[in-house]
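Remarks on the structure that follows.
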Amino acid sequence: MISETKKRYFQYVANDLTQLNSDVIRAFKREHDLGAEPELSKIVKGEVEFYAHCVTKWGLKMGLWEKVGNIKELGDREILFRCTNEYGTGIDEEPVKLSDKWHVWKINGDFEPVGLLDDVTRRAYVGLVINPRGIIELLKGNKYPPLYPD
């Protein structure tokens, strides 16, 4: 549920050994009325808004989402992720706004250092393992994590 009247769907697509053996999900862009029960086969053919790493079982235990079915169609899993260790702030420090220490990878692939992001790597999905409440923020259309650099 992303509001009092709307919900969105995401699908578990893989485990990524490269990023702490975390779950990889793909979240679909379309919103649905809270009472609607669309066909899962149609949902997974919809536009993907983002891919993310998370621990899906934590979101279930926290009551933030529920499992509604199982579809074998997983879509393209050649997803490019990016990550940097330069984010957030220290005590009395300004947030890091621009990093030149990025690396990219694909699911279960090797990290590749790229330094500054270029046009291709800038479009890669943030590869942090995101807590369940952060996934909900992304589903609502908010930036998460908020202090992650460009």
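Readers should treat all values here as calculations from the given coordinates under stated rules, not as data from a laboratory. Keep in mind the model is a prediction, meaning the values are calculated, not measured. In this analysis, Cβ positions are derived from the backbone assuming ideal geometry, glycine residues included, and neighbour counts consider all displayed protein chains.
Below are the figures for this structure:
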quantity: In Hz, Karplus ³J(HN,Hα) per residue of segment 75-86 (6.51, -1.76, 1.60; θ = phi - 60°; x = Gly, Pro); calculated: x, 5, 10, 8, 9, 8, 10, 9, 7, 9, 8, 9
quantity: Distance (nanometres) between label positions extended 7 Å along Cα→Cβ at E93 and I71; calculated: 4.2 nm
quantity: Karplus 3J(HN,Hα) series, Hz, for segment 6-22 with 6.51 cos²θ - 1.76 cosθ + 1.60 (x for Gly, Pro); calculated: 10, 9, 9, 10, 9, 10, 5, 10, 5, 9, 10, 4, 5, 10, 6, 6, 7
quantity: Cut-off 15 Å between beta-carbons: net charge of the residues surrounding E78, Lys and Arg +1, Asp and Glu -1; calculated: +1
quantity: Debye log10 I(q)/I(0) for the chain, one point scatterer per Cα, at q = 0.17 Å⁻¹; calculated: -1.03
quantity: Relative contact order (%) - criterion: Cα under 8 Å, at least six apart; region: segment 6-139; calculated: 26 percent
quantity: Virtual spin-label span in nm between K57 and D119, 7 Å along Cα→Cβ; calculated: 4.4 nm
quantity: Simple label model, 7 Å out from Cα along Cβ direction - K143 to K45, nm; calculated: 3.6 nm
